[in-house]
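Everything below concerns the one structure shown next.
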Amino acid sequence: MRTYDIVTIDGDGIGPEVCQSAITVLREACGERLRFTAAEGGAAHHLKTGAVLPDDTFAACRDAHAILHGAAGLPGVTYPDGTEVGNDLHLRLRFRLDLYANVRPIRLLRGVTSPLAGWQPGQIDYVIVRENTEGLYASRGAGINLRGEVATDTLVMTRKGVERVARFSFELARRRQGAPRDGRRRVTVCDKANILRSYAFFRAVCDEVAAGYPDVEIDHAYADAITVHMLKKPDCYDVIVAENMFGDILSDLGAGTVGGLGIAPSAEVGDAHGLFQGAHGSAPDIAGQNLASPVATILSGALMLHWLADRHDDADLRAAGERVDRAVEAVLAAGHTVPRDLGGNASCSAMTEAVCRQLGA
Ligand code: ATP
């Protein structure tokens with residue numbers, strides 16, 4: 001039976017708790033088929049050694065079948081320019097492994113009450129595809145602060161970069177069942193094409209790509225207006241594709257509509273590599289107290305199984321991914337073990353045990 005090498009990086013804050021939780025669940029679901037190897041990295045590691053992403057960690061990530069990460073970053077650990085060191089762990093992995101599509105499913109699960117009144121499970125089910133290597137964040141470390149008077153960061157769009165994330169989004173829409181409201185397969189291009197040339201370019205290139213997918217509807221939304229639509233008619237969305245920073249912001253908003261950051265998974269994938277971590281950060285306020293919800297990281301682990309299964313045409317792994325998804329939802333739906341951020345009082349370890357028990361049931 002085929003096995004897969006998974007590099008795990010605990011990271012900072014709640015990173016170790018949620019990463020270890022996901023490993024426990026994945027072991028339960030997949031047995032010996034996943035071989036986990038722990039690697040170092042993050043803000044605390046930088047404090048100790050000066051390296052946020054050590055060379056041997058990068059090499060292990062490059063050579064593994066997939067990477068599972070907790071979270072990285074500590075507010076007090078910053079560069080002289082004020083930016084946080086910890087973010088460089090995943091930013092460097094994104095750039096160096098060319099993880100150009102950041103896939104963030106927004107799905108209202110059974111047992112979770114949306115803060116939006118009246119929405120039921122099944123009615124909010126879309127995916128935000130955040131372009132992950134260009135846009136405004138491409139300038140990381142390269143912006144200018146001129147004598148403390150003027151600061152700039154440059155937004156970068158390339159035809160290659162936009163084309164591939166657009167194609168990724170249309171392909172994804174083809175594999176989905178369409179928007180809950182009307183069952184129509186749809187890619188919504190989110191931009192500010194009315195204001196900046198770079199976003200007009202983003203839209204134009206997405207439109208070109210759309211021409212090759214007549215079976216998928218293309219839709220456009222400005223980044224400001226879509227924040228209202230995501231609250232008032234979330235069932236209209238199927239796949240949303242957005243520039244890096246817009247995608248970052250929108251995915252936190254989307255997560256908020258289906259329960260919060262503790263439930264939102266994330267997959268960062270390119271043509272050769274994949275990195276999986278919850279959409280949340282390191283939440284230092286609740287770190288080390290067994291208070292964090294591991295759900296986002298467990299569901300990110302399930303995304304990893306689905307991604308590996310697709311790449312390696314592995315039906316057993318796909319089934320394991322579906323089992324993990326179902327187990328998490330069954331635990332939440334039963335309502336006995338509910339994480340604190342969803343209104344319950346279950347600890348990180350209690351959630352982990354409950355999901356494992358459900359997997360074994
Ligand atoms: P980043 O910019 O690195 O994504 P952030 O500033 O958005 O991080 P987070 O660390 O993601 O901040 O989290 C914001 C708050 O949400 C946390 O302080 C915490 O209270 C809550 N939170 C985040 N993740 C979880 C989780 N897994 N379980 C419970 N609460 C969480």
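For segment 193-211, name all the residues that are in contact (Cβ under 8 Å) with a residue 40 or more places away in the chain and open to solvent by 40 Å² or more (accessible area, probe 1.4 Å). Across segment 193-211, the qualifying residues are LEU196, PHE201, GLU208.
Residues in segment 90-124 that are touching a residue at least 60 places away in the same chain (Cβ under 8 Å), out of contact with any Pro (no Cβ under 9 Å at 6 or more places or on another chain) and of a type in the set (A, V, I, L, M, F, W, C): how many?
Matching residues across segment 90-124 total 4.
Residue count for segment 282-322 satisfying the condition of being assigned to a loop (DSSP other than H, G, I, E, B), within 16 Å of the ligand (Cβ to nearest atom) and farther than 14 Å from LEU68 by Cα: 9.
Conditions tested, residue by residue: (1) within 11 Å of the ligand (Cβ to nearest atom); (2) open to solvent by 10 Å² or more (accessible area, probe 1.4 Å); (3) free of Cβ contacts under 8 Å to residues at least 12 places away in the same chain; (4) of a type in the set (Ser, Thr, Tyr).
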| residue | (1), (2), (3), (4) |
| --- | --- |
| PRO214 | no, yes, yes, no |
| ILE218 | no, yes, no, no |
| ASP235 | no, yes, no, no |
| ASP238 | no, no, no, no |
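Taking first residues from segment 335-360 that are farther than 15 Å from THR113 by Cα and partners that are of a type in the set (Asp, Glu), the Cβ contacts under 6 Å between residues at least 6 apart in sequence or on separate chains come to CYS348/GLU17; CYS356/GLU28; LEU359/GLU28.
Within segment 151-163, residues that are over 17 Å from VAL189 (Cβ atoms) have Cβ atoms under 9 Å from residues that are open to solvent by 60 Å² or more (accessible area, probe 1.4 Å) and assigned to a loop (DSSP other than H, G, I, E, B) in these pairs: ASP153/ARG140; ASP153/ALA142; THR154/ALA142, counting only partners at least 6 apart in sequence or on another chain.
Determine whether segment 159-180 contains at least one residue that is in contact with a Cys (Cβ under 6 Å, 6 or more places away or on another chain) and buried (at least 19 other Cβ atoms within 10 Å of the Cβ).
Checked segment 159-180: at least one residue is in contact with a Cys (Cβ under 6 Å, 6 or more places away or on another chain) and buried (at least 19 other Cβ atoms within 10 Å of the Cβ).
Of all the numbered requirements in (1) surrounded by fewer than 17 Cβ atoms within 10 Å (Cβ to Cβ); (2) out of contact with any helix residue (DSSP H, G or I) (no Cβ under 7 Å at 6 or more places or on another chain); (3) not in a loop (DSSP other than H, G, I, E, B), SER251 misses one, and that requirement is (1). If I filter segment 73-80 for residues that are touching a residue at least 12 places away in the same chain (Cβ under 8 Å) and either buried (at least 22 other Cβ atoms within 10 Å of the Cβ) or assigned to a helix (DSSP H, G or I) (or both), do I get at least one hit? Scanning segment 73-80, I find at least one residue that is touching a residue at least 12 places away in the same chain (Cβ under 8 Å) and either buried (at least 22 other Cβ atoms within 10 Å of the Cβ) or assigned to a helix (DSSP H, G or I) (or both), so the answer is yes.
The values are calculated or read from the model by the stated rules, or taken from the named source; none is laboratory data. Fair warning: this is a prediction, and the values are worked out from it, not measured in the lab. Positions of Cβ are generated from backbone atoms using ideal geometry, with glycine treated the same way; all protein chains shown enter the neighbour counts. Surface accessibility is based on the protein's heavy atoms, side chains included, excluding ligands, DNA and RNA. Shrake-Rupley method; radii C 1.70, N 1.55, O 1.52, S 1.80 Å.
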